[in-house]
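The values are calculated or read from the model by the stated rules, or taken from the named source; none is laboratory data. The shown structure was predicted, so the numbers you read here are calculated from the model rather than taken from an experiment. Reconstructed Cβ throughout: ideal geometry from the backbone, glycine too, with neighbour counts over all protein chains shown. Accessible surface is based on the protein model in full, side chains and every heavy atom, while ligands, DNA and RNA are left aside. Shrake-Rupley method; radii C 1.70, N 1.55, O 1.52, S 1.80 Å.
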Amino acid sequence: CSELTDMSLGESVATIGVYAFMRCSGLTGNFTIPNTVTSIDSCVFWGCAGLASVTIPNSVTSIGVMAFYGCSGLTSMTIPNSVTRIGRQAFQNCTGLTSVTIPNSVTNIANGVFYGCTSLPSVTLPSYVTSISSSLFYGCSGLTSIIIPNSVNSIGSSAFYQCSGLTEFTIPNNVTSIGDYAFYFCSNLSSLIIGNSVSSIGDNAFLGCNEVDTIIVKCLNPPTLTRSFS
């Protein structure tokens, strides 16, 4: 329904089904989800490029797979503290997103959630997230700052793939593994601190990080690696 420009949902609405507003590219302005809705299902706003903002109520506990995929008009997103899980690629290619607030209630952020969010400058991850999932910030070229909690114990494959805005990075002490291509072509990364628990670094994890001039490794036993800096 590409010519649909406005939609108001009543307070009796309990669920919004899969693909409900998919490719409704004419929807503009703010979309308010009623506080009777408990989850945002998969692909609900897929390709709604005209949406400027979406208000998510405290009744929502999960955000589904590709829920906001390609919503390039979104500039900010505040996730309420009722949400515990964000599904795979939920905000992929939201190229206009410049601000996102993730509450500490979120314990699971799936693969590729912020894939291709090229305008996102900074992110603070919740206190109870235990892993940075694969491709989480893939291609986030505008990312310059990220706060990682001590709860994180692994960095997935391609997690920061081509995050060319990063200039320094500290891997927390509880992280034990860094996946393949994790920092692939972070071309402006100049300073790297590897925490004292890292035991393995995946293939090509730092390939193309040609500006790195300072590496501090806190591990008593050097981590296992193959072609990480090739």
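Per-structure values
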item	result
Given (1) touching an Asp or Glu at 6+ places or on another chain (Cβ under 9 Å); (2) assigned to a loop (DSSP other than H, G, I, E, B), index of the condition Leu192 fails	(2)
Tally, over the range 207-230, of residues that are under 21 Å from Val152 (Cα atoms) and either of a type in the set (Val, Ile, Thr) or modelled with pLDDT of 95 or more (or both)	4
Those residues of the range 166-197 which are of a type in the set (Gly, Ala, Ser), open to solvent by 20 Å² or more (accessible area, probe 1.4 Å) and closer than 17 Å to Thr214 by Cα, in sequence order	Ser187, Ser190, Ser191
Residues within the range 24-73 that are out of contact with any Lys or Arg (no Cβ under 6 Å at 6 or more places or on another chain), at positive phi and crowded, with 16+ Cβ neighbours inside 10 Å, tallied	3
Residue match in the range 220-228 (condition: assigned to a loop (DSSP other than H, G, I, E, B), crowded, with 21+ Cβ neighbours inside 10 Å, among the polar types (S, T, N, Q) and free of Cβ contacts under 8 Å to residues at least 60 places away in the same chain)	yes
Residue, surrounded by the most Cβ atoms within 10 Å (Cβ to Cβ), within the range 120-138, restricted to residues that are among the β-branched types (Val, Ile, Thr) and outside any loop (DSSP other than H, G, I, E, B)	Ile132
